[in-house]
1. Considering Cα pairs under 8 angstrom that are at least six residues apart, work out the relative contact order of the range 1-149 and quote it in whole percent.
2. What are the residues whose amide H is under 5 Å from the amide H of I104, where those residues sit 5 or more places off or on another chain and H is modelled from the backbone?
3. Just flag the chymotrypsin sites (Phe, Trp or Tyr not before Pro) in the range 116-164 sitting in loop per DSSP whose Cβ has no more than 14 other Cβ atoms within 10 Å.
4. Please compute one quarter of the surface area of the Cα convex hull for the range 56-131 and express it in square nanometres.
5. Let's see if you can work this out: charge +1 on each Lys and Arg Cβ, -1 on each Asp and Glu Cβ, no other charges. What is the dipole magnitude of the range 56-131 about its Cα centre, in debye to the nearest 20?
6. What does the charge dipole of the chain about its Cα centre add up to, to the nearest 20 debye, if the Cβ of each Lys and Arg holds +1 and the Cβ of each Asp and Glu holds -1?
7. Does the chain classify as rounded, prolate or oblate by the C-alpha gyration tensor (a ≥ b ≥ c root eigenvalues; a/c under 1.5 gives rounded; else a/b over b/c gives prolate, otherwise oblate)?
8. Assuming R0 = 35 Å, what is the FRET efficiency of E170 and A2, from their Cβ-Cβ distance, to the nearest 0.05?
Amino acid sequence: MARLANCIVMMDEGIGRVGQIIPQMPAPEARMCRLMLMLGGIIEEQLEFKLKPHKLNHSEFLTLMILYSRPDGSSTPGELCEFTTQGATNMTRIANTLVKRGLITRGGSEDDRRRVLIRITPAGRRFVQKMLPPMFPQLGAMFAGFSATDKRQFDRLLRKLAGNLDQLSERRLP
């Protein structure tokens, strides 16, 4: 049996046993959370495998992609920390790595010299344009058998879950 399929069978059995011991456990919700964690881990492993030949890790790739996708190709370190869920220290390390490779620059804003801006370089843009397309077939294969309607519904449900998680996070804030 495939690795992931075996883990899912074990998860289902385990959640079933816990549900018998603690009947008030929300088994469907626990199952969905566990599935998302498992799938997220596998997706991240596959992404890291694809990034390794390019000497990038996931956080460096995400930072580069955020800059690539911005209209002006720039962002502040604080915005990048928020978008990548990285701390300031790790974002400094990420920026240092990408600067050394000539993929980004770090400097003062023209509008406010106190504000640091991180910008993708032309070499960084070329790098993304070269490395990204070979990743598309695997991305498509992950969703083989999903209709366009399935994808829209899945997207809608994930965004709904994200909204619920945002609300839970807001309740925890002092």
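No lab work stands behind these numbers, since they all come straight from the coordinates. Keep in mind it's a predicted model, so treat the numbers as computed, not measured. All Cβ positions, glycine included, derive from the backbone under ideal geometry; neighbour counts span all protein chains shown.
1. Over the range 1-149, the number comes to 16 percent.
2. V99, T121
3. F143, F146
4. 4.7 nm²
5. 360 debye
6. 520 debye
7. Prolate.
8. 0.35
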